[in-house]
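Visitor: Could you have a look at this structure, given as structure tokens, before my questions?
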Amino acid sequence: MKIVVLHNEVAEDACLDEADALVQRDVVSQALRCMGHEVSTLPFSLAFTETMRTLEEVRPDCVFNLVETVLGRGSLIHMAPAMLDCLEIPYTGACTDGIYLTSNKVVAKRLLRASGLQTPPWLTAGKVKMELDAGFRECIVKSVWEHASIGLDEGSIVPAVDRERLFNVMSERRQVLGGECFAEAYVDGREFNVSLLAGEDGPQVLPPAEILFHEFPPQKPRVVGYRAKWEPESFDYSHTPRCFELHGKDRLVSDLLADQAKRCWFLFDLRGYARIDFRVDTAGTPWIIDVNANPCLSPDAGFFAASREAGIGFEEIIARILSDMNTFW
């Protein structure tokens, strides 16, 4: 097939999380070429006319959509699949609706709650009241749109009872969080990532990964923040290893996580691949904290680690993503 790998437009001085788009572009392109496909790459920007003209000239059989931000903004991510819908070019990953509904974390949480799936209660700047369930004493301030743990650190945790401070933190952090933000009840517990990959009989749930908070001081919040993901020299990065070894009672937790992850797949009409992030409280209750359509495909990312744990090589990942693409006939 003739395939265009569509990816973020990355500036020369881009930070690590943005530059990772080029790593994904290169490894996916290499895998596609090894599989015998004719591959070209194309950065996606708001120059719609130029991008559409290029795609019409190339006339690819499909587009491998790796776009995560547009102009560095996650709130514009759905524009890439929307353009491909307009051109009726088959493409990989979630459809436009799935991308939009999962990239807006507040909208995603509303849909999760309406579907009976557990997600921590939350507070937005326009909603001055929030009833917290018993046991939730703190909130974590997050970006509504940006993923990759943008702006997350210890300062994101605020006592839930101190509403004035909470709103001040939300206001102060708008810029570092990329704009609109919200406060989510902080689940003080364990963190898990559950990846899913398209299969012949529906999504295959890959081995769940627990993120360990190794040697974290008692006063340090157990949060997978920006440093833990993107700054190799930091304490957070070196002390949050990924672990696939679940034993005993953890098997029951694993089954709950797998069931809820699959329900998320069908709720948001996900395709190809996805990753669902959970916190599990001390009672063993899973809480969905993020739904990631089209998660990162870099070799050091969680999705590839889970696939490797399941014995699935990178070329097979790409082949299975291609087999579940969005088509128009």
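Visitor: If the viscosity is 1.306 mPa s and the temperature 10 °C, what translational diffusion coefficient in µm²/s does Stokes-Einstein give for segment 75-232 when Rh comes from Kirkwood over Cα pairs?
Guide: Estimated via Stokes-Einstein, D reaches 90 µm²/s.
Visitor: Another one. Can you give the calculated 222 nm mean residue ellipticity of the chain, where each DSSP H run of n ≥ 4 adds -39,500 (n - 2.57) and the sum is split over every residue, rounded to the nearest 500 deg cm²/dmol?
Guide: -10000 deg cm²/dmol
Visitor: I'd like the accessible area for MET1: 1.4 Å probe, protein heavy atoms, all chains in place, Å² to the nearest 10.
Guide: 100 Å²
Visitor: What is the percent carbon and sulfur in the accessible area of segment 21-163, measuring with a 1.4 Å probe over the protein chains and ignoring ligands?
Guide: 51 percent
Visitor: Can you classify segment 1-71 as rounded, prolate or oblate using the Cα gyration tensor, where a ≥ b ≥ c are the square roots of its eigenvalues, rounded means a/c under 1.5, and otherwise it's prolate if a/b beats b/c and oblate if not?
Guide: oblate
Visitor: Shifting gears a bit: Based on the Cβ-Cβ distance of THR282 and ALA310, what FRET efficiency does E = 1/(1 + (r/R0)^6) give at R0 = 22 Å, to the nearest 0.05?
Guide: 0.15
Visitor: Equivalent ellipsoid semi-axes for the chain, as square roots of 5 times the alpha carbon gyration tensor eigenvalues: give them largest first, rounded to whole Å.
Guide: Over the Cα atoms of the chain, the semi-axes work out to 32, 23, 19 Å.
Visitor: Can you list the HN-Hα couplings for segment 195-206, worked out from phi with the Karplus curve (6.51, -1.76, 1.60; θ = phi - 60°), rounded to whole Hz and with x for Gly and Pro?
Guide: After applying 6.51 cos²θ - 1.76 cosθ + 1.60, I find 9, 10, 10, 4, x, 5, 10, x, x, 8, 7, 7 Hz.
Visitor: Could I ask something else about it? Whole number please: convex hull volume per residue, Cα atoms of segment 35-144, in Å³.
Guide: Per-residue hull volume (Cα only) is 158 Å³.
Visitor: Compactness ratio of segment 211-329: Cα Rg over 2.2 N^0.38 Å, N = residue count?
Guide: That works out to 1.19 for segment 211-329.
Visitor: Using a 1.4 Å probe, what is the accessible area per residue for segment 73-228, in Å²?
Guide: That works out to 44 Å² for each residue.
Visitor: What does the accessible area of CYS34 come to, in Å² to the nearest 10, when a probe of 1.4 Å is used?
Guide: Accessible area, nearest 10 Å²: 90 Å².
Visitor: Take each of the peptides 270-280, 192-202, 228-238, average the number of other beta-carbon atoms within 10 Å over its residues, and list them starting from the highest.
Guide: Highest-to-lowest ranking by the protection proxy: 270-280, 192-202, 228-238.
The values are calculated or read from the model by the stated rules, or taken from the named source; none is laboratory data. Bear in mind the structure is a predicted one, so any value in this text is a computation, not a measurement. In this analysis, Cβ positions are derived from the backbone assuming ideal geometry, glycine residues included, and neighbour counts consider all displayed protein chains. The protein model used for the area step is the full one, side chains on, heavy atoms only, and it has no ligands, DNA or RNA in it. Shrake-Rupley method; radii C 1.70, N 1.55, O 1.52, S 1.80 Å.
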